[in-house]
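First the structure, in the form of structure tokens, and then the observations on it.
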Amino acid sequence: MTPSPTLSLVGLLFLSLASSETVDPSVKDLANRNADFATRLYRAVSSRTDDNVFLSAFTLSAGLSALLSATSGPTQVQLLQALSLNGLDPETLPDLFQNLRTVVLQGSQGVAVFPSQSFQVSPSYMDLVQTKFGGKVQSVAYTVPHEAIDTINRWAQDNTEDNVQELVTSLDPQTQLLLATTAYYQTRFSPSFNSSLTQDERFYVDKYHVVMVPMMFRADKYFLAYDRSVKVGVLKLPMADGVAMLVVLPDEDVDITAVEEEVTAEKIQAWIRQLKKTKLEVQLPRFLLDRSYSLRDVLQTLDIAQVFQDDADISNMGGAKGPKLTQVYQKSIVSVNESSYDITVGGGVSVFSTLPPRLTINRPFIFIIYQQTTGSVLFMGRVIDPTKK
């Protein structure tokens, strides 16, 4: 077994973290609010399963915010509070989100609002969803379920370059309104891992289950932190386009579910502030996660309930009476590997005069992909078993 992250931190020389670029305060504020919702969503989903988890937090925030723009009255008030947007003017929210989206949009992502054909959607609302939230509004004939399924799945494929298949497999003919979000993200580490150094290593799923996984390797200078209160090591892996991944590795005697209960937007920011640069050998398993969620029940536990009720006020979508939201679907895929693109750019191995400590990610861990300038949380997930999607 490799040493725990605590041992990796002993005796290392730390350098100060460079300051981030100046960000418009309103954009930064919205990013922080979205991060709060993202962590609450992650905790709600992860608490319901023992499997791998992967969520596209940013696309879901965009989708629900687009839906919020069609609501009024108590329905809107509840959505604002549940999305951590309370205190913001609903009229200015689309512009704020558009400003944030231009900074943080990464990968192939999609947001779509699918009302039943029985509801008339105004052209102004269609335009707002497209221009401000980067989404689409498309009426669907739910009374012919197989046609509705085909329409929604074709949209998902088109928005993810055919990487997301079968977003939905069955639909209730009585469906009034669906919200769908999709995401496909291919990691591009910078500096990259060198595929020639990847080799199979043990990954300890639990005390009784060990699997062999392709373990990527690189020796370089990395940003690292250790949180004694939660007993986790936090590793920052820089990526292309101003994005980074935080790998949160619990100590060997710490259950990952206990750590997840502590993951908040404030905790993530605290980890980022504590990161210090050091020489390190890193081993990270290659993995591919493909996760689908029907989020109605989860969202209701986060106090998003009114929008699903018969008396939901979504009339701003167009017409005298709007539909109620029936279901929220998300399917997200992330591929974490050495990345041939980055290797051609110059993924090599650093040579140090003395052998640096090694941090091996060989047990369940949490990962957070975020935009560094704003701190926006784009994706959150956990890897329990890297051999499973």
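The values are calculated or read from the model by the stated rules, or taken from the named source; none is laboratory data. Quantities reported herein were computed from a predicted structural model and do not represent experimental measurements. With ideal geometry, Cβ positions are generated from the backbone for all residues, glycine too; neighbour counts draw on all protein chains shown.
Worth pointing out:
- Condition met for Gln283 (modelled with pLDDT of 95 or more and not assigned by TED's automatic domain parsing to the domain that holds Ala225): no
- Any hit, region 141-151, residues being touching a residue at least 24 places away in the same chain (Cβ under 8 Å) and more than 25 Å from Asp172 (Cβ to Cβ): no
- Those strands (runs of 3 or more DSSP E) lying entirely in region 170-237 with at least 1 residues within 29 Å of Lys267 (Cβ to Cβ) and in contact with a Gly (Cβ under 8 Å, 6 or more places away or on another chain): 177-186, 209-227
- Applying the set (1) in the same structural domain as Gln109 (by TED's automatic domain parsing); (2) more than 23 Å from the chain's Cα centre (by Cα); (3) among the hydroxyl-bearing types (Ser, Thr, Tyr) to Thr198 leaves exactly one unmet item: (1).
- For region 248-296, a residue qualifies if it is within 30 Å of Ser170 (Cβ to Cβ) and either within 16 Å of the chain's Cα centre (by Cα) or of a type in the set (Gly, Ala, Ser) (or both), and the qualifying residues are Phe287, Leu288, Leu289, Asp290, Arg291, Ser292, Tyr293, Ser294, Leu295.
- Subset tally (residues that are surrounded by fewer than 19 Cβ atoms within 10 Å (Cβ to Cβ) and touching a Ser or Thr at 6+ places or on another chain (Cβ under 8 Å)) for region 41-58: 2
- Cβ separations smaller than 6 Å between residues 6+ apart or across chains give the following pairs from region 266-282 residues that are on the phi < 0 side of the Ramachandran plot to residues that are among the β-branched types (Val, Ile, Thr) and modelled with pLDDT of 95 or more: Trp271/Val234.
- Of the helices (runs of 4 or more DSSP H) contained entirely in region 59-143, those carrying at least 3 residues that are in the same structural domain as Leu177 (by TED's automatic domain parsing), crowded, with 19+ Cβ neighbours inside 10 Å and within 19 Å of the chain's Cα centre (by Cα) fall at 93-104.
- Failed item, numbered, when Val328 is tested on (1) of a type in the set (A, V, I, L, M); (2) modelled with pLDDT under 95; (3) part of a strand (DSSP E or B): (2)
- Matching residues, region 272-319, being part of a loop (DSSP other than H, G, I, E, B) and surrounded by fewer than 20 Cβ atoms within 10 Å (Cβ to Cβ): Leu275, Arg286, Leu302, Asp303, Ala305, Gln309, Asp310, Asp311, Asp313, Gly318, Gly319
- Test: Glu161 is exposed (fewer than 14 other Cβ atoms within 10 Å of the Cβ) and part of a loop (DSSP other than H, G, I, E, B): yes
- Among (1) closer than 13 Å to Ile366 by Cα; (2) crowded, with 22+ Cβ neighbours inside 10 Å, the one test that Val243 misses: (1)
- Pairs are defined by a Cβ separation below 8 Å, a sequence spacing of at least 6 or placement on different chains, a first member in region 207-234 that is free of Cβ contacts under 8 Å to residues at least 40 places away in the same chain and β-branched (Val, Ile, Thr), and a second member that is assigned to a strand (DSSP E or B) and surrounded by fewer than 22 Cβ atoms within 10 Å (Cβ to Cβ); the pairs so defined are Val210/Arg202; Val210/Tyr204.
- Output for region 221-240, where each listed residue is of a type in the set (D, E, K, R) and either in the same structural domain as Val45 (by TED's automatic domain parsing) or buried (at least 17 other Cβ atoms within 10 Å of the Cβ) (or both): Asp227, Lys231, Lys236
- Look at (1) within 21 Å of Val282 (Cα to Cα); (2) surrounded by 22 or more Cβ atoms within 10 Å (Cβ to Cβ); (3) without any contact (Cβ under 8 Å) to a residue 60 or more places away in the chain and you find that Asp200 fails only one, number (2).
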